[in-house]
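Colleague: So that we are looking at the same thing, I have put the structure below in structure tokens.
Readers should treat all values here as calculations from the given coordinates under stated rules, not as data from a laboratory. Computed from a predicted structure; not experimentally measured. FYI the Cβ positions are ideal-geometry reconstructions off the backbone, even for glycines, and counts take in every protein chain you see.
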Amino acid sequence: MGGRETPLILASGSPRRKALLEALGYPLRLHPPGVEEEGLDLPPKALALTLARRKGEKVEGLWVLAADTVVDLDGRPLGKPRDVEENRHFLRLLSGRAHLVHTAIYLRTPLDLVEEVHTARVYFRPLSEEEITWYTESGEGLDKAGGYGAQGLGMALIEKVEGDFYTVVGLPVSRVFALLWERGFRP
């Protein structure tokens, strides 16, 4: 039904999502939808789903996948920090605490539409000011929800993850693979 001859259209500009899907062998076409992510006053889980849906709906194609990740600290979303100082603030808030990461997926196929939110709990170890400065000066967290990347230097900040690690990275890979496979889309 899909696969080698039909690309999966990824409604995202995320290099992480692209790399994860390419690692599985999917033929991809990127189509960053240019959806405004600011200004929505929604709880974190609903925010992730709304943004994934908006991204997916802006892109045409037979097989479209969109996703959005929101960091949830005590019911408050932490988006992408505006600058290094806000990144420092986020890491101070997360230091020594647990928080949730919600990644919503929107998958439109010739057969149906699937919208789901997957959640993992992330525990940060207590961070010193020197460690926070080291991380924020790397610039890695500036384009990531919550101001950190679990798959990069940010791995040094995380004590443990309960749930799917790839949900924290930004795409619940196993679930996406299963959804595509069940619908006949093969890598």
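Colleague: For segment 1-102, which GluC sites (Glu not before Pro) are in a loop by DSSP, counting at most 15 other Cβ atoms within 10 Å?
Modeller: Sites meeting the loop and neighbour criteria: GLU5, GLU36, GLU37, GLU38, GLU60.
Colleague: Taking only Cα atoms and a 10 Å spring cutoff, compute GNM fluctuations for the chain and point out the largest among VAL59, VAL35, VAL122.
Modeller: Result for the chain, Cα springs under 10 Å: VAL35 fluctuates most.
Colleague: Check each of the GluC sites (Glu not before Pro) in segment 95-159 and keep only those in coil by DSSP with at most 14 other C-beta atoms within 10 angstrom; list them in order.
Modeller: Working: sites: GLU115, GLU116, GLU129, GLU130, GLU131, GLU137, GLU140, GLU159; in loops: none.
Filter output for segment 95-159: empty list.
Colleague: In segment 1-91, which trypsin sites (Lys or Arg not before Pro) fall in coil by DSSP and have 16 or fewer other Cβ atoms within 10 Å?
Modeller: Here the trypsin sites (Lys or Arg not before Pro) that fit, given the DSSP loop and packing criteria, are ARG4, LYS58, ARG82.
Colleague: Calculate, for GLU85 and GLU60, the FRET efficiency according to 1/(1 + (r/R0)^6) with r their C-beta to C-beta distance and R0 41 Å; round to the nearest 0.05. Don't skip to the end; give the middle numbers.
Modeller: Values: r = 40 Å, r/R0 = 0.97.
The value I calculate is 0.55.
Colleague: Mind telling me which of GLY170, GLY141, GLY13 comes out most flexible in a GNM of the chain, alpha-carbon contacts under 10 Å?
Modeller: Most flexible of the set in this elastic network: GLY13.
Colleague: Tell me, what is a quarter of the convex hull surface for the C-alpha atoms of segment 8-182, in nm² with one decimal? List each step's numbers first, then the result.
Modeller: Values: hull surface 37.4 nm².
Approximately 9.4 nm², given one-decimal rounding.
Colleague: Where Lys and Arg each count +1 and Asp and Glu each count -1, what net charge lies around GLU60 among other residues with Cβ under 13 Å from its Cβ?
Modeller: That works out to +3.
Colleague: Looking at the chain, how many pairs of lysines come closer than 20 Å at the Cα, when each pair is eight or more places apart or spans two chains?
Modeller: Lysine pairs meeting the criterion: 11.
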